[in-house]
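The block underneath contains the structure these notes are about, expressed in structure tokens.
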Amino acid sequence: LLHGNEDDMQLTTAQIKYILAIYEMQPRGIVRLGQIAKRLHVSKPSVHRMLGQLKNRGLIELDERGLPQMTRIGTEAAQRYAKQYHTMLAFFTETMQMENSAAEESAAVLLGSQAESIQELCRCMERFEKKTQHGRQAMGQ
């Protein structure tokens, strides 16, 4: 549901992948289109098109060279998605023993599914992980 609140901004799976990539690469310096393309296994024209979409949604700004910088709204959205993404990724790879690439895709697809229950799913995964770790510690493993 969109109420004009940026907390409710729902992004597509592809948009989530891009903002997470930019968010995670940005602290290391300038984020170039080629770096994004390589990381996400897409073409530079695809990156260029998606940056336009992200700019239109107010998630990034483009500098005079066309390079992306996260906006405040973009950074806040990326932080929310990153927490949920990494919770699901850890659950899928560690608990369910999924291949990393399948786990990454599954986490991104779930985040882009527009399901309001994603936060609850993440809480359940975290609780399960804690119980499993506690159980292993009690058994001396």
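The values are calculated or read from the model by the stated rules, or taken from the named source; none is laboratory data. Because the structure is a prediction, the values reported are computed rather than measured. Backbone-built Cβ (ideal geometry, glycine too); neighbour counts: all protein chains shown. Surface areas here come from the heavy atoms of the whole protein model, side chains and all, with no ligands, DNA or RNA. Shrake-Rupley method; radii C 1.70, N 1.55, O 1.52, S 1.80 Å.
Normalised per residue, the accessible area of region 7-126 is 55 Å², obtained with a 1.4 Å probe and no contribution from ligands, DNA or RNA. In the calculated pair distance distribution of the chain, what percentage of Cα-Cα distances lie above 23 Å? Everything past 23 Å amounts to 40 percent. Taking 37 °C and 0.692 mPa s as conditions, region 71-137 diffuses translationally at an estimated 260 µm²/s according to Stokes-Einstein applied to its Kirkwood radius (Cα pairs). Look at the dipole of region 1-136 built from charges on Cβ: of LEU59, MET96, ILE22, the Cα furthest out on the positive end belongs to ILE22. Stokes-Einstein diffusion for region 20-72, with the hydrodynamic radius set to the Kirkwood value over Cα pairs and evaluated at 10 °C in a medium of 1.306 mPa s, equals 145 µm²/s. Restricting attention to the chain, lysine pairs at least eight places apart or on different chains and with alpha-carbon atoms under 16 angstrom apart total 4.
For region 83-89, 3J(HN,Hα) computed residue by residue from phi via the Karplus equation (6.51, -1.76, 1.60; θ = phi - 60°) reads 4, 5, 4, 5, 4, 5, 4 Hz, glycine and proline entered as x. Electrostatic bookkeeping for ILE19 treats Lys and Arg as +1 and Asp and Glu as -1; over the other residues with beta carbon under 12 Å from its beta carbon, the sum is +2.
Amide H contacts of ILE60: LYS55, THR71, each under 5 Å away and 5 or more positions distant or on a separate chain (H built 1.01 Å from N in the peptide plane; Pro and chain starts excluded).
Neighbours of CYS124 by Cβ distance under 12 Å: Lys/Arg scored +1, Asp/Glu scored -1, total +1. Taking other residues whose beta carbon is less than 14 angstrom from the beta carbon of GLY52, and scoring Lys, Arg as +1 and Asp, Glu as -1, yields +3. Given contacts defined as C-alpha pairs under 8 Å and at least six residues apart, what's the relative contact order of region 32-141, whole-number percent? Here the relative contact order equals 16 percent. Applying both filters, DSSP loop and at most 12 other Cβ atoms within 10 Å, to the GluC sites (Glu not before Pro) of region 1-88 gives GLU64.
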